[in-house]
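So the structure is just underneath, and the comments pick up after that.
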Amino acid sequence: MATTYDIIEQAAKTGKVDKGINEVTKALERGVAKLVVIAADVTPKELVQHLPIIAKEKGIPCVEVDSKQKLGVSVGIGISTGAVAVIEAGEAKLNSIK
C-alpha cells in the first residue's frame, strides 16, 4: 500500500504540485487543488489551520501527514514544507489515500 508520501512523490514527478502554505492556500481558493496534504508538525499551528476549512468548503480532500521534512522530500525539494496541493495527479492514484 502506497503511503501519502509515495503518492505525493508520484504526483510531483508526473503531474503538478504546489508547495508551501501560501501556494496551497491560493490553489484551494481557486478550486484547482485535487488534494491537500498538511504536515502535522507545523508550528505555530495557526499557519495551516485555515487549510482544512477552505478544503472542506470547496469539497477538496485534505489529509495530514506527520512530518514537514518528509513532505518536502516527497515533493523533491531539499527543505521542509508545511503543505502541498496536488494540482494535476499525473500517474499518482489520489483515491488510494486514506
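The values are calculated or read from the model by the stated rules, or taken from the named source; none is laboratory data. Quick caveat, the model's predicted, so the values are computed rather than measured. Note that each Cβ is placed from the backbone with ideal geometry, even for glycine, and that neighbours are counted across all protein chains shown.
Starting from residues that are at pLDDT 95 or above and outside any helix (DSSP H, G or I), keep the ones in the stretch 3-24 and report whichever is farthest from the chain's Cα centre (by Cα). Checking each candidate, the answer is GLY15. Going through the stretch 9-25 one residue at a time, which ones are surrounded by 14 or more Cβ atoms within 10 Å (Cβ to Cβ) and either more than 18 Å from GLY76 (Cβ to Cβ) or touching a strand residue (DSSP E or B) at 6+ places or on another chain (Cβ under 6 Å) (or both)? ALA11, GLY15, LYS16, VAL17, ASP18, LYS19, ILE21, VAL24, THR25 - these are the residues of the stretch 9-25 that are surrounded by 14 or more Cβ atoms within 10 Å (Cβ to Cβ) and either more than 18 Å from GLY76 (Cβ to Cβ) or touching a strand residue (DSSP E or B) at 6+ places or on another chain (Cβ under 6 Å) (or both).
Figure legend. Inter-residue proximity from the stretch 47-62: first residues polar (S, T, N, Q), second residues surrounded by 14 or more Cβ atoms within 10 Å (Cβ to Cβ), beta-carbon distance below 6 Å, spacing 6+ or different chains. No pairs are indicated.
GLY31 - would you say it is without any contact (Cβ under 8 Å) to a residue 60 or more places away in the chain and either touching a helix residue (DSSP H, G or I) at 6+ places or on another chain (Cβ under 7 Å) or not aromatic (Phe, Trp, Tyr) (or both)?
Taking the combined requirement at face value, the residue satisfies it.
Look at the stretch 82-98: where a residue is without any contact (Cβ under 8 Å) to a residue 40 or more places away in the chain and on the phi < 0 side of the Ramachandran plot, no partner that is charged (D, E, K, R) and exposed (fewer than 12 other Cβ atoms within 10 Å of the Cβ) sits 6+ places away or on another chain with Cβ atoms under 7 Å. In the stretch 84-93, the qualifying residues are those that are buried (at least 17 other Cβ atoms within 10 Å of the Cβ) and of a type outside the set (Val, Ile, Thr), and the one that is farthest from ILE21 (Cα to Cα) is ALA92.
Assessment of the stretch 42-50 against the conditions (under 17 Å from TYR5 (Cα atoms) and in contact with a helix residue (DSSP H, G or I) (Cβ under 8 Å, 6 or more places away or on another chain)) yields at least one matching residue.
Only residues that are in a loop (DSSP other than H, G, I, E, B) and either crowded, with 16+ Cβ neighbours inside 10 Å or under 11 Å from the mean Cα position of the chain (by Cα) (or both) were counted in the stretch 42-83, giving 7.
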